[in-house]
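The values are calculated or read from the model by the stated rules, or taken from the named source; none is laboratory data. Computed from a predicted structure; not experimentally measured. Quick reminder, even Gly has a Cβ in these numbers, built from the backbone with ideal geometry, and neighbours come from all protein chains shown. The accessibility values were calculated without ligands, DNA or RNA, using every heavy atom of the protein model including side chains. Shrake-Rupley method; radii C 1.70, N 1.55, O 1.52, S 1.80 Å.
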Amino acid sequence: MMRSLSSSEKPTLSAYFLQLLSEWTDNFAYDFRDERSMKVFKDVTQQCATQSADLRKTVGGLQHTLFHRLSLLEKYETNLQRINAATAEKITDSKTQVNIMETCDNPITLTQQLTHIELERLNSIGPEEFIQTFVKEKSTGDIANDMKRTNNLEAYIEWFNRLSYLVATEVCILDKKIKNRIRVLDFFIDTACECFATNNFNSLMAIIAGLHMNPVQRLKKTWAKANNGKFNRLMDTMNPFGNFSNYRKALKEAMDKKGDRKGRAVVPFFSLLVKDLYMVNETIPLNLDNGHINFAKFWELSQQVTNLL
């Protein structure tokens, strides 16, 4: 039978509980969007706070940090919904459509804005959203209904698609004069080069995908006078040959420099990251031969996520 804790042991145990909760809320704050998890969190912290003045102070800071983070997340998702709704309305209204060159004709400025958007959306994805995405595919009934939201991950993938379609649309539709099309095409090629230089691989791949769409590729006269040399070098880097070996080499170099004082933020090619995580989840068994949990699998998953998010 378990013995009762003495009055002198309770503060020590409470401190350990709070340390565990601190690690949990720092790394997986999204878990506490679930009402049941939040109730347990409040109950445990309230019990710990009764043990000493120092622990009450610790609990106050822990609660403030978690509630603030969840509040920011709610505001972000609300703003994201508002932006998506406004965008959908503009797409159907021809009067609001403008040429990209009239809005921003500088590849460096556009790259900076794209990187800001990428980092905001990437940083808003909770690590557990990846796991929830994989579990959803195999879950039915009550388990599927109990899954946490993966809104931010799905919104980020949708952002990639929208950027690709924007690139193709700007080249093909907004101006039918070959001279202007060449200018727009070269503008996006230059923007893609800037994305590579600033380690924004997701926007880079989205632009390449847009330029590779059939309506753009059919513009033979336009491509004949465009800067194909730059574009082909980018294509070599992002070529899927060898499981994107060239890209992975460039990503590793960027990650190695990330810790330097002059290192830039790195935005990975997100779809490939999700694919890598999916392959780890599918190919490494959940249990060892002796029936024990295969912690090596979860360590591999966590390393890939935490290294890039």
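Of the numbered criteria (1) within 30 Å of Leu277 (Cα to Cα); (2) open to solvent by 40 Å² or more (accessible area, probe 1.4 Å); (3) in contact (Cβ under 8 Å) with a residue 60 or more places away in the chain, the one Thr65 fails is (3). So which residues in region 153-198 are part of a loop (DSSP other than H, G, I, E, B), touching a Lys or Arg at 6+ places or on another chain (Cβ under 7 Å) and closer than 27 Å to Ala86 by Cβ, if there are any at all? Selection gives Asp175 alone.
A quick yes/no check of all residues on (1) among the aliphatic types (A, V, I, L, M); (2) loosely packed, with under 11 Cβ neighbours inside 10 Å; (3) part of a loop (DSSP other than H, G, I, E, B):
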{"position": "Gly229", "(1), (2), (3)": "no, yes, no"}
{"position": "Arg233", "(1), (2), (3)": "no, no, no"}
{"position": "Gly242", "(1), (2), (3)": "no, yes, no"}
{"position": "Leu273", "(1), (2), (3)": "yes, no, no"}
{"position": "Leu277", "(1), (2), (3)": "yes, no, no"}
{"position": "Pro285", "(1), (2), (3)": "no, yes, yes"}
{"position": "Gly291", "(1), (2), (3)": "no, yes, yes"}
{"position": "Lys297", "(1), (2), (3)": "no, no, no"}
{"position": "Thr306", "(1), (2), (3)": "no, yes, no"}
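Applying the condition of being aliphatic (A, V, I, L, M) and under 16 Å from Lys10 (Cα atoms) to region 34-61 and asking which residue is most open to solvent (accessible area, probe 1.4 Å) yields Ala53. Would you check if Asn281 is in a helix (DSSP H, G or I), free of Cβ contacts under 8 Å to residues at least 12 places away in the same chain and either closer than 21 Å to Asp190 by Cβ or not charged (D, E, K, R) (or both)? So Asn281 fails the test. Here is a list of conditions, (1) part of a helix (DSSP H, G or I); (2) at pLDDT 85 or above; (3) more than 22 Å from the chain's Cα centre (by Cα); (4) among the acidic types (Asp, Glu), and Glu74 meets all of them except one; can you say which number that is? The one condition Glu74 does not meet is (3). Please work out if Ala206 is closer than 23 Å to Glu120 by Cα, open to solvent by 30 Å² or more (accessible area, probe 1.4 Å) and in contact (Cβ under 8 Å) with a residue 24 or more places away in the chain. So Ala206 fails the test. Hey, among the residues in region 10-33 that are open to solvent by less than 60 Å² (accessible area, probe 1.4 Å) and more than 20 Å from Gly126 (Cβ to Cβ), which one's modelled with the lowest pLDDT? Across region 10-33, the extreme among qualifying residues is Pro11.
Test Ile125 against the stated conditions and say whether it is at pLDDT 80 or above and outside any helix (DSSP H, G or I). In short, yes.
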